[in-house]
1. Pick out the one residue from 212, 226 that is within 15 Å of residue 114 (Cβ to Cβ), part of a loop (DSSP other than H, G, I, E, B) and in contact with a helix residue (DSSP H, G or I) (Cβ under 7 Å, 6 or more places away or on another chain).
2. Determine which single condition residue 60 fails, assuming it passes every other condition in (1) surrounded by fewer than 19 Cβ atoms within 10 Å (Cβ to Cβ); (2) touching a helix residue (DSSP H, G or I) at 6+ places or on another chain (Cβ under 9 Å); (3) at pLDDT 90 or above.
3. When you check residue 165 against the structure, is it surrounded by fewer than 16 Cβ atoms within 10 Å (Cβ to Cβ) and part of a helix (DSSP H, G or I), yes or no?
4. Go through (1) in a helix (DSSP H, G or I); (2) in the same structural domain as residue 211 (by TED's automatic domain parsing) for residue 131 and report which single condition fails.
5. Among the residues in the range 118-127, are any outside the structural domain of residue 71 (by TED's automatic domain parsing), more than 19 Å from residue 62 (Cβ to Cβ), modelled with pLDDT of 90 or more and surrounded by fewer than 19 Cβ atoms within 10 Å (Cβ to Cβ)?
6. Suppose we filter 54, 98 for residues that are touching a residue at least 12 places away in the same chain (Cβ under 8 Å) and surrounded by fewer than 20 Cβ atoms within 10 Å (Cβ to Cβ); which single one remains?
């Protein structure tokens, strides 16, 4: 049966997203059905699910890309007013924050991938570059993570003295450097190599080891250690 021109209230109970969630559980719903629950209704020509499918199609069915749409971009879809747009943005932001909190359970760093899983939700999707430090104890457990600088899309600056001031204050014995490349490129620039060397040299005199430096993008990462640069 084709539901395109029928509102959710006219569907059989088994096919309504809200009822489907209650009867079959949240995992049984498609992305479009979950968004349909958020927006509640479609427009004169589309059900909430069909409208949700169209919105998802505009971002190639990528939820990360959906989370980057702003209120005005969402309101360009007929049937999406300000309140519905805000609901979608709030839901995607909650999802992003949940991923960030889940990553904090990976308290012990055992690989570069573990670092990526912690930092990707924080900096992997930003439109500008940020430089962060993970501060670790002698068991390689994360004591703290801190943004050191925030820059434009072309680069960022790091205060080496501040890095080690923080490390000494919290008793860190090792640090891991992280920054994102909004362009998506996974190539270490000369500036990336220079700041790594500068921080590593400073750490040696204070007995604080620099364990790695990761360049992070939306889906991938580059590890100085894995690539044999250290």
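The values are calculated or read from the model by the stated rules, or taken from the named source; none is laboratory data. The shown structure was predicted, so the numbers you read here are calculated from the model rather than taken from an experiment. A quick note on method: Cβ atoms are made from the backbone with ideal geometry, for glycine too, and the neighbour counts reach across all protein chains shown.
1. Values: 212 fails: part of a loop (DSSP other than H, G, I, E, B).
After applying the criteria, what remains is 226.
2. Going through the list (1) surrounded by fewer than 19 Cβ atoms within 10 Å (Cβ to Cβ); (2) touching a helix residue (DSSP H, G or I) at 6+ places or on another chain (Cβ under 9 Å); (3) at pLDDT 90 or above, residue 60 breaks only (2).
3. Numbers: surrounded by fewer than 16 Cβ atoms within 10 Å (Cβ to Cβ): yes; part of a helix (DSSP H, G or I): yes.
Judged against the criteria, residue 165 is a match.
4. (1)
5. The answer is no; no qualifying residue exists.
6. Values: 98 fails: touching a residue at least 12 places away in the same chain (Cβ under 8 Å).
Selected residue: 54, the only one of 54, 98 that is touching a residue at least 12 places away in the same chain (Cβ under 8 Å) and surrounded by fewer than 20 Cβ atoms within 10 Å (Cβ to Cβ).
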